[in-house]
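The values are calculated or read from the model by the stated rules, or taken from the named source; none is laboratory data. This is a predicted model, so every value here is computed, not measured. All Cβ positions, even for glycine, are placed from backbone atoms using ideal geometry, and neighbour counts span all protein chains on display. Just the protein is used for accessible areas: all its heavy atoms, side chains included, with ligands, DNA and RNA removed. Shrake-Rupley method; radii C 1.70, N 1.55, O 1.52, S 1.80 Å.
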Amino acid sequence: ACGTDASSSSKSGEVDVAAAEADVAAAKERIAPYLVPVEKIDVDTPLTKKPEAGKVVKYIRYNNPTAAEYDAATEAAAAALQWKVAISAVDGADPQSVSNAMIRAVSEGADYIAVQAGSPTVMGQGLEAAKSAGIPVFQTAGVGEAEGIFGNAQADAAIDGNVGVTDQAIIDSEGRGTILYLNAPDFPNLADLDDIVPKHVEKNCGGCTLNKLGISAEGLSGDIASQVVNAIRQNPDTKYVVASFDTLTNGLPEALAAAGLDDVKIYINSPGNLAVKKIESGDFHAGLLTSNVNMPWLAFDQMARMSVGMDTLQAEHAKVSLQMWTTENMPKGETSWAQPGYQDQYKKLWQIS
Amino acid sequence: MSTTVSSAAEPVLSLRGVSKTFGAQRALDSLDLDIHQGEIHAVVGQNGCGKSTLVKLLGGYHTPDPGSETAVKGELFDLGSASAANAAGLRFVHQDLGLIDELSVAENFFMMADQAWVSRISKADEWSRAGRALEEFGYEIDPRALVGSLTAAQRTAVAIVRALSGEDRPALLVLDEPTASLAGPDAQLLFDALRRLTAAGGSVLFISHHLDEVMGLADTITVVRDGRKVTTVMSRDLSHDRLVELMLGRALTPRSESDSSAMPGTSDVVPRLSVRGVSIGGLRALDLDVRPGEVLGVAGLTGSGREDLAGAVAGQTRHSGEVTIDGKAIRPGDPAASLASGLGYAPAERRRDALLSTATLRENLTIADLRSVSRARRLSRRLERKETQKWMEALDVRPPMQERAIDQFSGGNQQKVVLGRLLRTRPRVLVLDEPTQGVDVGAKATIHDLVVGAAAAGAAVLVCSSDVEELVQVSTRVLVLRRKSPSTELIGTDVTVERIEEEQLRPTEVRPTNDAGRDSDPQG
Amino acid sequence: MTDLKSAASVLSPRRASVLYLLALITLVFAITIPDLFLSEITFQSIARSQAVVGILALAALLPFVAGEFDISLGTNLALSVILVAWLSNAYPGLGIMVICLIAVLVCTLVGFFNGILVGKLGINSFIATLGTSQILAAIALKISNNEQVLATLPQAFTEVGRGRFLGVPNSLFVTLALGLLLWYVLQWTKVGRHLYASGFNREAARLSGVRTERVVIGTFVAAGAIAGLAGVVFIAQVGTFSNSIGMPFLFPAYAAIFLGATQFNMRPNVWGTLLAIFTLALGVQGLQLSSSGSGFWITPLFNGAALVAAVMFTRQQSKRRAKVVDEVPSAPAVSPQPDPSDDHEAAGVRADTVGR
Amino acid sequence: MTDLKSAASVLSPRRASVLYLLALITLVFAITIPDLFLSEITFQSIARSQAVVGILALAALLPFVAGEFDISLGTNLALSVILVAWLSNAYPGLGIMVICLIAVLVCTLVGFFNGILVGKLGINSFIATLGTSQILAAIALKISNNEQVLATLPQAFTEVGRGRFLGVPNSLFVTLALGLLLWYVLQWTKVGRHLYASGFNREAARLSGVRTERVVIGTFVAAGAIAGLAGVVFIAQVGTFSNSIGMPFLFPAYAAIFLGATQFNMRPNVWGTLLAIFTLALGVQGLQLSSSGSGFWITPLFNGAALVAAVMFTRQQSKRRAKVVDEVPSAPAVSPQPDPSDDHEAAGVRADTVGR
Ligand SMILES: Nc1ncnc2c1ncn2[C@@H]1O[C@H](COP(=O)(O)OP(=O)(O)OP(=O)(O)O)[C@@H](O)[C@H]1O
Ligand SMILES: Nc1ncnc2c1ncn2[C@@H]1O[C@H](COP(=O)(O)OP(=O)(O)OP(=O)(O)O)[C@@H](O)[C@H]1O
Ligand SMILES: [Mg+2]
Ligand SMILES: [Mg+2]
């Protein structure tokens, strides 16, 4: 279920070596920031005053392992503000679950509602209820800036990350790689990537070919690895698998090995802890990581700003620092990264001693 | 319903050249049949000759092979259509009754009510109407009780009354072995109803293996052999023996009466089977003993407790009291243990309790004892086939096809397999409940021989039957039950049809209160 | 069920274990988290989210009563949703009424197809509808291009879909109205009688003159239509199609049907089914409200334990009763796991009733 | 199946429609995409990915033959996987053999629990195991903390799990060995006959001396143990636990059992089940290899259509045959949907056979 469709940007014939070199150079430039250590958190405007304590935040996230990795930091950020946070994990397969949880948050009288991801469409009645109750709604990991939302931390991270790992493939292949892009467009926050990533390759790598493999929602729990192997066998030139999130690569290294496809590299955007371990072990080959422990602080920063009557500075919060970890360069034994002393940096902005 | 006035000569139902083929087998072969108004027309024949197939064709359960012609009261009739049959006033009591155990009596009753599809059914009305109809026929059956909770006889009664008590009088009532589990007086009750029906202008198609019954009741008898009609004769022109000859195509060799009854249960032999104080359902503190070589018959009217006795003794369910074999107590409610102790049981509810439906005849026959067809704990198909072949011959199963699904055999043949399964285990105690229900005369004699043979070989046999003749044929002693407990025991020369019926019917002093059936004389 | 006595017997713990479970749940949470639990929002949100599950369960109930499974109902619902979403974007000129009608019609046709496979060709319903369900999933994937689809719905339509009347979400009225209708049909009409008869004993029903073939086809057609309706209600509430909808409703629907079949008249029935759905949902809601963040595992635990406990309770009660009492059963109902005087018997008959 | 004649009849199109489907699939793809399809990789990857599904289907087959469903097998497999993953991290000192043994043992206990619910307490197996399945899911969630868990496995273990012998993946040997064992037991032993008998008519079997209660409990225990084994094979192959595993195997497993039950001896059987699994997987593989573009909808379409077609073909063949031929059936087998000379009849019996 895959192959060369309209989005494929293949250029048959001889590869223009000079053009390829230029493409690689440009890509290297684009990912350069991801290769140097980051010292400072993504915001620097101090709050006008110290936020009032005791606010109640309802944080609604999907009931999946990757989302759960943010929980501890979420609680830590709230604690720093002396706020209370109630985390509610909802079923991602049920389109009504976010909306229902929001309605419930409204009834419980939260001060702020934070939703992990989901368009205003998905929030539906929940958003309306929040609006009519005057409770501001924030997203913490959505894609793009949704209308009707007060803040959307790391809104650009998904696009930057997917484009970034693709750039890594461009570089690694010296500008002439055949890439299989794995995505699950049924998830609203991933649907746009289905266009963005192919266009990026088309525009930035004349010698590359990108094929897409879309996994259906039901297929997510099925045997994706076999599908990927079959797609690669159809295009045996394929040497790179770029996945928009880590679940899509479950069991893939084993399936590739079984099919004798040992030279295919697997790049993952925003890999979870386990996937990072597998980058270290060489099962996967690269990942572009946001700072998991830092991200909840960024979202709370927006809420804190609103609580003191400031602008939420969406532009500063949208673009966040990323780190490119490959099997070669990654710090051994680590599964995530953070700016040194990021907590104190936030506390300083928040005027909490 | 047709309003055409039928002339006296015009048959109510007329079949011409009706055939029905099942795969390889022709169950009915261009059958012609006329049933006239006001007559009781019996169809008789051996097991598997096609009687039930005929009934199922009439009821629209099967569709006939093309080429037949059928008329009801002179009008073309669409044979094989249930709605046409219903509209033409045909009503049925099928061999397996066609009742739904999980529904109440009343619900079963009005399954075919002439009622608009979506108009409201009134339960109270339904109950009272069903209750009244049952009462009219002399049955005390709670219309709200589940059919599955009734005894076999009660269920037959429900099916009969259901067929008879529709909105209007049936033009033709078709009964397929309705008396297989009815005791004498109950059968009489039915016959009276049938006579009333014919007197009022209805007709009856009646199927039974009880030839005396047939001779006494039917005006006309059609004999079928292997799906073909042999002849149609007036019953008064016929003798019992002649009828048997027509059915079998040969005369029935008379059994030597001597061997079975010759072995009296002498009291100095230790009982093999002892029952002490067994109480369950329709039974109160039953005691009985059966010695090796003895056949104890159990007689009793419906509701006397006879229906529950065999199951209780054989330990089909748990009960209070004790059953011992050679002094060793067996655990009630554990048929596997009973079987291991040498107690074999053939239940009366064939379809529910005995048939492994969709399994083959072979598998049905061998299930109770697989060791004898195994080699080194591995089932041997060859041994199993040989064994099955042997038993099919011994029991005269027709057609003798061991790999056919049991459901595709006729009722009587299924019964033979059930008995074969049991006899194969060579039990030391044999408990039989209605062992020859639905079995034809020829095969019945064979089965009786087998039962008596088992006793002669040293088994203790207990036979519960509503068929008094059968009890007389095989029993050394007969226990007559009344009002849930034994009332009389008949031995030796006392074991006669007359004596048993007399004892069964002896008027009771007190009417049982908590009783769905009846056990008093209906005429009395 | 006309007189008081039988009403009381219907409400006995044995016949209504789920009612007692409901009471227990309400009590526990009313004590532990009174403010959160006893709020209108709790009931609103359950009513809203379970209305569609309820409709789907009612769709599944019809073939189930007639002894057949319909596994394709989840994806049939999804088909209805994607049809409305797609048509509303591609052919807005049709008008929402026509669009909904088309969706329901297509779903009804799917039901008819299932009916032919099962009723006419005699294919086992589980495997036939499993096949259909896959085919429908493929169609929905194709139409949606594996993406969520936002329907362009008239405001009036979504307002009705999300609105309330007398404080009750409109969608719940659809569920209840449908429940009432099916209850009437199943309980009080000849059609209903024929459905149960076909389910309990197909062959005996046919011998009694029930046109079981038509009955079976009919139940699948009706189930298809109701699934289509469920889809319409769903999109009126949510406005979006996603490829993950549909199938996840099927498990709670069948769990409710099975659990409901141990209630009241001890056969698969309308009110038992709906009661089971809302009781289980209420329990989950209460647990979610009282547990903090990481209690993701509590929901399935509750669902599983409640299911087993409620059914086990029903069985235990009936056993105890059988030991003590020897009254004659009076209510016109049958246990799908018939009152056993001993458990062997029950085990013997059980397999042929519920759970064919 | 001892003599040639019956072997031939067992391979007739009617009794082996899936074999013909397999031939058709192979032929079509061998012509259209010979290089891709006729490569060793195709067969390697099918063998690897379907081995576990095959083991799980064999687990499900046992209760199914005895007339019961076990819905909890998918989550029981997941439980085995998480136990191995967790124990290998938390108690590495135990050694992988002991860890696997513990996992299988726990799964066997779960099976025993199911067996008690169904065989002893007489709870409908569908609802009982639905409940258990939820409880198991909760346990797996709790242990895994809802995260993927990487097992720490000795290299020798994963090498065996991922390795091959004579070019065949080791996991497939497990499936085949288990298949052989179950085939022998079901077909050639008293126990097997007792299993089938309990499935055909529980009460009749009981009265014929079959200890049906033990048989039922036994099938659930065995099913649990086999599901545990499937989990061990799975983690040896993949090395990681994730919460989405298990349940998705259940549908293909039951589809294969149902489809397999229309093959060979026309009742649920081992080789029919395995044949169905690998045939469907091969078809999907071929389609994935030959389809271009966004063909995500092709897989479910094929699965659904193949399922319906294969079963329908079996039925049609048997009907045509009944009309034309007048040979005597000779094979030692019986149709679960008996040869109908007319279709009314078939509809009548069907509900009681496959698909209880
Ligand atoms: N509770 C809330 N959480 C998040 N965003 C909100 C909330 N309430 C309002 N907004 C968004 O804030 C902005 C201002 O809202 P407001 O309702 O005042 O605008 P408006 O002029 O009335 O617009 P409209 O007529 O479209 O409702 C809008 O983008 C709105 O969608
Ligand atoms: N569904 C079926 N499929 C195949 N053969 C069948 C089927 N039903 C009946 N037969 C065969 O048709 C023949 C006639 O059977 P039928 O039931 O009519 O006999 P019967 O005269 O009623 O016998 P009995 O006195 O034993 O009831 C038998 O040989 C039987 O095996
Ligand atoms: Mg406004
Ligand atoms: Mg007959």
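On the given criteria, is D:GLY231 small (Gly, Ala, Ser), surrounded by fewer than 23 Cβ atoms within 10 Å (Cβ to Cβ) and under 30 Å from D:GLN187 (Cβ atoms)? Taking the combined requirement at face value, the residue does not satisfy it. One residue stands out among those in region B:407-423 that are closer than 14 Å to B:HIS448 by Cβ and aliphatic (A, V, I, L, M): the one that is farthest from ligand 2 (Cβ to nearest atom), which is B:LEU423. Within the option set B:GLY48, B:GLY60, B:GLY67, B:GLY38, being at pLDDT 90 or above and assigned to a loop (DSSP other than H, G, I, E, B) holds for one residue only, B:GLY38.
Looking across region A:250-275, the residues that are hydrophobic (A, V, I, L, M, F, W, C) and more than 19 Å from A:ASP237 (Cα to Cα) come down to A:ILE268, A:LEU274, A:ALA275.
Surrounded by 24 or more Cβ atoms within 10 Å (Cβ to Cβ), farther than 23 Å from B:ASP241 by Cα and within 14 Å of another protein chain (Cβ to nearest Cβ): is that true of B:GLN415 in this structure? Lay out the reasoning, then the answer.
Working: surrounded by 24 or more Cβ atoms within 10 Å (Cβ to Cβ): yes; farther than 23 Å from B:ASP241 by Cα: yes; within 14 Å of another protein chain (Cβ to nearest Cβ): yes.
So B:GLN415 fits the description; yes.
Is there a residue being over 30 Å from B:ALA163 (Cβ atoms), touching a residue at least 60 places away in the same chain (Cβ under 8 Å) and at the interface with another protein chain (Cβ under 10 Å from one of its Cβ atoms) anywhere in region C:187-198? Among the residues of region C:187-198, not one is over 30 Å from B:ALA163 (Cβ atoms), touching a residue at least 60 places away in the same chain (Cβ under 8 Å) and at the interface with another protein chain (Cβ under 10 Å from one of its Cβ atoms), which makes the answer no.
Take C:VAL233 and decide whether it is touching a Phe, Trp or Tyr at 6+ places or on another chain (Cβ under 6 Å), part of a helix (DSSP H, G or I) and either over 21 Å from A:GLN125 (Cβ atoms) or among the aliphatic types (A, V, I, L, M) (or both). So C:VAL233 fails the test. Selection within region B:83-100: residues that are open to solvent by 40 Å² or more (accessible area, probe 1.4 Å), part of a helix (DSSP H, G or I) and more than 7 Å from chain C (Cβ to nearest Cβ). The member of this set that is farthest from ligand 2 (Cβ to nearest atom) is B:ALA87.
Got at least one residue in region D:324-342 being away from ligand 1 (no atom under 16 Å from the Cβ) and modelled with pLDDT of 70 or more?
no
Of all the residues that make up region B:61-72, how many are within 11 Å of chain D (Cβ to nearest Cβ) and open to solvent by less than 10 Å² (accessible area, probe 1.4 Å)? Residues meeting the conditions: 2. Looking at A:PHE138, is it within 14 Å of ligand 1 (Cβ to nearest atom), closer than 26 Å to C:ALA151 by Cα, in contact (Cβ under 8 Å) with a residue 40 or more places away in the chain and open to solvent by 20 Å² or more (accessible area, probe 1.4 Å)? For A:PHE138, the condition - within 14 Å of ligand 1 (Cβ to nearest atom), closer than 26 Å to C:ALA151 by Cα, in contact (Cβ under 8 Å) with a residue 40 or more places away in the chain and open to solvent by 20 Å² or more (accessible area, probe 1.4 Å) - is not met. I'm checking my understanding of the structure. Among residues of region D:136-171 that are of a type in the set (A, V, I, L, M) and open to solvent by 40 Å² or more (accessible area, probe 1.4 Å), which one is nearest to the other protein chains (Cβ to nearest Cβ)? Taking the candidates together, the pick is D:LEU150.
Can B:THR324 be described as open to solvent by 10 Å² or more (accessible area, probe 1.4 Å), away from ligand 4 (no atom under 16 Å from the Cβ), more than 11 Å from chain D (Cβ to nearest Cβ) and over 25 Å from B:ASP449 (Cα atoms)?
yes
What residue, of B:GLY453, B:GLY492, is on the phi > 0 side of the Ramachandran plot and either open to solvent by less than 40 Å² (accessible area, probe 1.4 Å) or small (Gly, Ala, Ser) (or both)?
Values: B:GLY453 fails: on the phi > 0 side of the Ramachandran plot.
B:GLY492 is the lone residue from the list that is on the phi > 0 side of the Ramachandran plot and either open to solvent by less than 40 Å² (accessible area, probe 1.4 Å) or small (Gly, Ala, Ser) (or both).
If only residues of region B:327-348 that are buried (at least 23 other Cβ atoms within 10 Å of the Cβ) and among the hydroxyl-bearing types (Ser, Thr, Tyr) are counted, the one that is nearest to the other protein chains (Cβ to nearest Cβ) is B:TYR345.
Looking only at residues of region B:17-37 that are of a type in the set (Val, Ile, Thr) and more than 14 Å from chain D (Cβ to nearest Cβ), we find that the one that is nearest to ligand 1 (Cβ to nearest atom) is B:VAL18. Limited to region B:160-173, what total is found for residues that are within 12 Å of chain C (Cβ to nearest Cβ) and in contact with a Ser or Thr (Cβ under 9 Å, 6 or more places away or on another chain)? Residues that pass the stated criteria total 1.
Go through B:LEU58, B:LEU31 for me and flag whichever is crowded, with 23+ Cβ neighbours inside 10 Å, over 22 Å from the mean Cα position of the chain (by Cα) and within 16 Å of ligand 2 (Cβ to nearest atom). Spell out the reasoning first.
Values: B:LEU58 fails: over 22 Å from the mean Cα position of the chain (by Cα).
Just a single option satisfies the conditions, and that option is B:LEU31.
Taking the criterion of being surrounded by 24 or more Cβ atoms within 10 Å (Cβ to Cβ) and either modelled with pLDDT under 85 or not aliphatic (A, V, I, L, M) (or both), the residues of region A:143-154 that qualify are A:VAL143, A:GLY151, A:ASN152, A:GLN154.
Among the numbered conditions (1) assigned to a helix (DSSP H, G or I); (2) within 14 Å of chain C (Cβ to nearest Cβ), the only one that D:SER244 does not meet is (1).
Looking only at region A:259-274, which residues are touching a residue at least 12 places away in the same chain (Cβ under 8 Å) and facing chain D (nearest Cβ under 8 Å)? Step through it out loud before you land on a result.
First pass over region A:259-274, keeping only residues touching a residue at least 12 places away in the same chain (Cβ under 8 Å): A:259, A:261, A:263-274.
Residues satisfying the conditions are A:ALA259, A:GLY272, A:ASN273, A:LEU274.
Within region D:217-241, the residues that satisfy the criterion of being out of contact with any Lys or Arg (no Cβ under 8 Å at 6 or more places or on another chain) and within 14 Å of chain C (Cβ to nearest Cβ) are D:GLY218, D:THR219, D:PHE220.
Yes or no: B:ASP78 acidic (Asp, Glu) and within 16 Å of ligand 4 (Cβ to nearest atom)? So B:ASP78 fails the test.
Number of residues in region A:171-184 that are β-branched (Val, Ile, Thr) and closer than 19 Å to A:LEU289 by Cβ equals 1. Residues that are open to solvent by 10 Å² or more (accessible area, probe 1.4 Å), over 21 Å from B:ARG350 (Cα atoms) and within 11 Å of another protein chain (Cβ to nearest Cβ) within region B:377-402 comprise B:ARG377, B:ARG378, B:SER380, B:ARG381, B:ARG382, B:ARG385, listed in sequence order.
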